[in-house]
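Scroll down for the structure; my scribbles are underneath it.
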Amino acid sequence: MISLSKIIENRKLVLGRNERYLNYIRPYNKRGAIKIADDKTISKRILARAGIPVPTLVKVIKNRNQLNEFDFSTLPKSFVIKPVKGVRGGGVTIVYNRNKEGKWIASGNRRYTEDDLKSLIQDILDGRYSLFNEPDRALIEERVRPHKGFKYYSYKGAPDIRVLIFNSIPVMSYIRLPTKESDGKANLDLGAIAAGIDMAVGKTTSSIIGKSTAIDYVPNTNLPLSGIKIPYWDKILRYACEASKVTGLGFGAVDFLIDEEKGPVIVEMNARPGLSIQLANDDGLRWRLKKASGIKVKTTERAVRLAKDLFGGEIEEEIESLSGKQVIGLTTNIEVYSLDLQTSFNIKAKVDTGADLSSIDESLAVSLGFGDIIEEFKILYSEASSKLTTEDEAQVVAQDIFTKLKLKFDYLTNIKYIRSSHGTSLRLYVNIKIIIEGQEIITNFTIFDRKHLSYKILLGNNTLGKFLIDPSKIQV
């Protein structure tokens, strides 16, 4: 929970609007840099020329004549319409697909005809969403496919990550997560969530919903908003530094989306970033900006290192970089995939370095699509139970059952006779795809009835080779 009183009581931490303009926007952002940031077509062109990824441009419509001449049938199935000089997400329409009747399906399950899209674009051209309500242009670009790591935390739309940068050094960041209230848009004014990010490790810390209300969990779920790992974190920081340099923006924000295939892409530069990022991080900008002021930053690598060292809350990244392994605690949230790889579940798993092999609860395995092999295994096991009088006989039975089931279920890896604190039994082993801290692993699980145990999944040594275990690390 954010301690807003900390910020209220210590005003020395907080950057205010007037100070933001007088001390940072005006002296550090030249007119040319502001023009680049305010015009998405110019910034997109400059960034792309520098080799910094941006969404693929489909079309820029500059006036009514171009709008009337545009062939809407050439549009891809999924795209985004936005004003070139729009502010606060106004005028942005996300289109996901087109139905059999030829209507485009947009956010909020709205249906648009060609005339509807023309009307939306005409509003943009008339300047309805531009900074000073001046005539504008409409930008159409391919929609970014949201990274699957945010599947359970974001309602329909794609979350975006903002990196606030000063003197080419990333000083603060947050991720904006769309909610049902915000209609799938990452817009705090509409009720999206903003979660602060630890600059050192790229994990979320404290969160707000809307402009200032503290929140700990994704609405209507038990999913904690803290501890979310941001994919491609180092790459995001690097691109933010490079974008600041090539555009000449001394103080501003760089907004990213993370595409499932392309990784992070810059969707917008902002020369007048808002200040709610301080509430999301439960920290003020003033001291961070002063700390970054006057530092000579010769390389992007140094800028990223400074961001982590000066404004990161942990040293975990240092340990990970030295060892080549990520650090996890005695429990960790993992994503476990179904047999057909079409669905997945987010599960808190127990980490046990004293166990050689990983184990999964039988009922969860059934939910993942392993019900048929479990049922046939139980039948064969029951029929052979009278032969399990000695360990040698049990080994023979296990091999016999394995041979029969392997003919039908090629994902079966073994059947073993096991002695444990729970007694002796034959166990079924299968390979299951999981993701731990962003790392995809195909690992061997024994299926076991864990309904009387606290965790449905236990991760043993056969799965933990890529990780370091820190018993003091707590997974919320």
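The numbers here are math on the coordinates, done by the rules we state, and not lab data. On a predicted model such as this, the values are computed, not experimentally measured, just so you know. Neighbour counts run over all protein chains shown; Cβ positions are idealised from the backbone, glycine included.
Where both bridge residues fall in segment 326-469, DSSP classifies roughly 75% of the beta bridges as antiparallel.
Computed from the C-beta positions of ASN63 and LYS433, the FRET efficiency with R₀ = 45 Å rounds to 0.30. One quarter of the convex hull surface built on the alpha carbon atoms of segment 57-143 amounts to 5.1 nm², the projected area averaged over directions. DSSP bridge analysis restricted to the chain gives an antiparallel fraction near 90%, rounded to the nearest 5. Globularity index of segment 326-469 is 1.06 (Cα radius of gyration / 2.2 N^0.38 Å, N = number of residues). Among the trypsin sites (Lys or Arg not before Pro) in segment 136-169, those placed in a DSSP loop whose Cβ has at most 16 other Cβ atoms within 10 Å are LYS151. Taking a point 7 Å from the Cα of ARG111 along the Cα-to-Cβ direction, the residues of segment 74-97 with backbone N closer than 16 Å to it are 96-97.
The trypsin sites (Lys or Arg not before Pro) found in segment 171-261 that occupy coil by DSSP, while having at most 15 further C-beta atoms within 10 Å, are LYS180, LYS211.
Under 16 Å of direct C-alpha separation, and excluding same-chain neighbours fewer than eight residues apart, LYS378 reaches these lysines: LYS387, LYS404, LYS406, LYS408, LYS416.
Residues of the chain were split at every exposed loop site, defined as GluC sites (Glu not before Pro) in a DSSP loop with at most 10 other C-beta atoms within 10 angstrom, and the longest piece left, sites excluded, is 262-476.
Modelled spin labels at ARG145 and LYS290, positioned 7 Å past Cα toward Cβ, are 4.8 nm from each other. The length gained on full extension between THR299 and THR389, counted as 0.36 nm times the residue separation minus their Cα-Cα distance, comes to 25.3 nm. Rounded to 0.05, the FRET efficiency of the TYR21 and ILE469 pair, given R0 = 30 Å and the Cβ-Cβ distance, is 0.05. Of the three principal axes defined by the Cα atoms of the chain, the extents in descending order read 86, 57, 38 Å.
If R0 equals 45 Å, the separation of the Cβ atoms of LYS378 and GLU260 corresponds to a calculated FRET efficiency of about 0.70.
If the limit is 30 Å between Cα atoms, which of LYS59/LYS156; LYS44/LYS348; LYS103/LYS156; LYS77/LYS203; LYS30/LYS298 go over it?
Working: LYS59/LYS156 25 Å; LYS44/LYS348 41 Å; LYS103/LYS156 19 Å; LYS77/LYS203 33 Å; LYS30/LYS298 20 Å.
From LYS59/LYS156; LYS44/LYS348; LYS103/LYS156; LYS77/LYS203; LYS30/LYS298, over 30 Å: LYS44/LYS348; LYS77/LYS203.
Here the gap between ARG88 and THR56, fully extended at 0.36 nm per residue and compared with their Cα-Cα distance, gives a gain of 9.4 nm. When you filter the trypsin sites (Lys or Arg not before Pro) in segment 73-119 for DSSP loop state and at most 14 other Cβ atoms inside 10 Å of their Cβ, you are left with LYS77, ARG88, LYS100.
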